[in-house]
Every structure is written in structure tokens, then in C-alpha cells.
Amino acid sequence: MHDMPADIDFDRIPRSALRGLLARMPKAELHIHIEGSLEPELIFALAERNGVTLPYAGVEALRAAYAFTDLQSFLDIYYAGASVLLQEQDFYDMAWAYFEKAAQDHVVHAELFFDPQTHTARGVSVGTVIQGLSRACTDAQQRLGVSASLILCFLRHLSEDDALSTLEDALPWRDHFIGVGLDSSERGHPPSKFARVFARCGELGLHRVAHAGEEGPPAYVEEALDLLHVERIDHGVRSIESPALMQRLARERVPLTVCPLSNVKLCVVPDLTAHPLPQLLTAGLAVTINSDDPAYFGGYLNDNFLALFAAQPQWGAREAYELARNSLAASFAPPQQRAVWQAALEAEFQRALPSA
């Protein structure tokens with residue numbers, strides 16, 4: 001347990017108060033693919049607005065197709081959904097719909113992943129993507145009180161040269177994104193494939209994160225740390241297979257952005273009772289909870305918290321606090337801002353204590 005406040009007696013907070021506490025506590029979301037927040041209703045609304053014909057009869061037919069067997073079967077539908085995003089306003093509307101849900105979930109800070117190559121391959125410019133998303137981030141802060149930043153992700157099934165050219169194309173909008181990530185099909189695409197582009201991002205002062213250890217082996221997590229010099233590991237659940245890696249992640253306090261409902265939906269784990277997250281937390285790893293692609297995986301951030309805690313009856317307020325605290329500490333927000341959120345988190349738990 002790291003940085004647990006001495007003045008909160010977590011054992012006195014009744015389990016009956018836990019559900020409300022999970023919903024209300026301030027938290028950060030650090031693993032959200034904004035294209036994966038595109039709900040079927042908005043997909044069809046944007047398709048109509050842009051004159052795009054979809055290979056599904058309607059909203060229910062599209063939702064019925066969300067029966068994934070692995071990461072690739074999900075990605076096929078994910079890219080079909082993204083085909084309706086053409087104008088700057090489309091990207092704004094998609095992000096704004098997410099921010100409204102995030103505000104309801106008491107997300108105080110969100111770091112949104114976006115995939116420019118998904119859109120430039122269809123003739124949409126990087127500027128169109130970034131400007132629409134960035135405008136939504138600004139409005140989220142001003143109108144909803146949700147702090148937000150953008151992280152540009154490279155698609156790992158494409159070449160490193162493609163990633164390098166995407167980075168160069170995005171540099172005129174460098175002030176609008178804080179970092180880079182690595183996502184898409186993990187199998188057969190090790191982090192080492194992207195060593196040059198991540199080195200370039202380091203020279204530019206960009207934060208670096210990468211998906212590793214979801215479907216790929218623990219060795220991919222090590223590569224992401226040693227060759228890409230990432231500051232966070234996205235997913236990382238297969239780290240549990242390597243005791244040496246587990247010790248390293250705990251010692252170095254490398255945050256893992258874990259996505260419980262996603263892991264079930266993509267068959268990484270059979271169900272939440274079998275999820276390695278409790279072992280990761282007990283081993284001292286800086287685990288955080290996130291929603292990944294919430295429109296496709298059955299829930300936004302609070303849905304993930306509630307489902308996970310329902311599957312772990314031994315968990316209580318202490319684990320809730322630690323997971324929320326980890327998310328705030330692992331964010332790339334300025335330290336003084338993190339301190340404000342941390343104080344609000346402690347106050348929420350103080351309020352949950354029964355009066356003497």
C-alpha cells in the first residue's frame with residue numbers, strides 16, 4: 001500500500017457505502033480509445049449526416065455484432081464504426097458524448113487515445129481529427145469541469161515508417177497532444193518494431209505509453225520499458241506470468257492501465273473472478289482501472305469499478321481508495337493539479353466514515 005492516509009480508518013467504512021463511494025470518488029481515466037466510445041446510435045446519426053452506408057440494418061443489428069472472440073474480431077467492427085467519422089464536428093461530437101458520461105462518473109481527468117491512421121487512410125486529415133478532439137477537450141474543461149488531454153496512438157499492425165510519417169504530419173498540432181501510444185493488434189507486432197519512432201517522440205518531449213501484455217507475452221512489456229522507454233503500460237495483465245517482471249513493475253512503480261470489462265469481452269480472462277488484478281494490486285503494482293473501448297465492451301469507467309468490486313467480495317474502501325489514488329498519481333497532469341484531486345479524494349472518503 002503506497003501513500004495511504006493515516007487519518008482514514010478504511011475498515012470503518014461499511015460495505016453498504018461502497019457502491020456510492022465508487023461512483024462518487026474523483027478518478028482519472030488513462031486508457032480510453034475515443035473511437036471506442038462511439039455508441040451505435042451516434043454511429044448511425046453520423047452515417048446519416050455524412051451519407052455513409054453501413055453494412056448493418058440498424059442500431060440493434062450493429063450492437064448484436066458485438067460478440068468478439070479476440071482482439072482482431074473486435075478491431076474489424078471498430079474500424080467499420082470509425083468509417084462514419086469524416087468532419088471535424090464528427091470528432092467533436094464523439095468526444096463530447098464521452099465527456100458527458102465521464103462527468104457523470106466523476107472522472108476529473110481523462111487522457112484520450114486517438115488513432116490518426118484509422119482516419120488518414122480514409123482521406124481524413126490529421127488536422128481535422130486533432131482539431132475536433134482538441135475543441136471537445138477545451139469545452140469539457142470549461143463546461144463540465146473535466147480536465148482532458150490527447151495521446152496520439154500508432155497502429156502497430158502498420159509499418160514503423162507509416163508511424164514516423166504520421167508523427168511528422170501531426171507536428172503542426174504538437175501543442176494539442178501530450179504524448180504517444182501504441183495500440184491495435186498485439187500478436188506478432190512487438191514493441192521493438194517501433195523503437196525509432198518512440199526515440200523521436202522522446203526527443204520531442206512527448207510522454208510515451210504502449211499497449212503490452214494483453215494478448216502479447218510478458219516479454220513485450222519488458223520491450224516497451226527497455227526499448228520504447230514508456231512511462232506507463234497499457235493493459236499489462238500478462239505480467240502476472242513473470243515473477244521477475246512483477247517485482248520490477250512494483251519496484252519502479254510503473255503504472256498499469258488495466259481494463260477489466262475489456263479483458264472479459266476479448267477473452268483475455270474468462271470472467272472477473274479470474275482476473276489477475278487483485279494479485280497485481282497485492283503485489284504492490286500501480287494498477288489503475290479504465291474502460292478501454294466502452295461502447296463495445298459493456299461499460300464506462302464506473303461500470304468497470306462496480307463490476308470488478310462485485311466480483312471481489314473481499315474488497316472494500318481501502319482497495320477503492322488505492323485504485324482511485326493510483327489513477328490520479330499515474331496521470332500526466334501537473335503535480336499541483338494532482339494534489340488538488342488527491343485532497344478531494346481523501347475528503348470523499350472522510351465523508352463516508354460513519355459519525356462517531
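Nothing in this text is a laboratory measurement; each read-out follows from the coordinates by a stated rule. Just so it is clear, the structure is predicted and the values come from calculations on it, not from any experiment. Positions of Cβ are backbone-derived with ideal geometry, glycine not excepted, and every protein chain shown enters the neighbour counts.
Before moving on, here are some points about what is shown:
- On Cα atoms only, tilt of 71-82 relative to the major axis of the chain in degrees: 60
- Spatially, segment 1-61 and segment 240-256 are offset by 27 Å when compared through their Cα centroids.
- Shown is the FRET efficiency for ASP70 and SER355, computed with R0 = 35 Å from the Cβ-Cβ distance and rounded to the nearest 0.05: 0.10.
- Protection proxy ranking, highest mean first, for peptides 202-209, 4-11, 287-294: 287-294, 202-209, 4-11, where packing is the per-residue count of other beta-carbon atoms within 10 Å, averaged.
- Max mean-square fluctuation residue, GNM over the chain, Cα-Cα springs under 10 Å, options ALA103, ALA57, ALA286: ALA57
- The gain in end-to-end length when the GLN131 to GLN247 segment is fully stretched comes to 37.6 nm, 0.36 nm per residue minus the alpha carbon separation.
- Net +/- balance of residues flanking GLU48 in space, Cβ distance below 15 Å, scoring K and R +1, D and E -1: -3
- Taking amide hydrogens as placed 1.01 Å from N in the peptide plane, the amide H of ALA212 sits under 5 Å from those of ASP234, GLY236, each at least 5 positions away in sequence or on another chain.
- For the chain, relative contact order (Cα pairs under 8 Å, six or more residues apart, normalised by length) works out to 22 percent.
- The sum of -39500 (n - 2.57) across all DSSP H runs of n ≥ 4, divided by the residue count of the chain, sets its helix-only mean residue ellipticity at 222 nm to -14000 deg cm²/dmol.
- Reducing segment 276-353 and segment 83-105 to their Cα centroids gives an inter-centroid distance of 24 Å.
- Neighbour net charge for ILE289 - beta-carbon separation under 12 angstrom, K R +1, D E -1: -4
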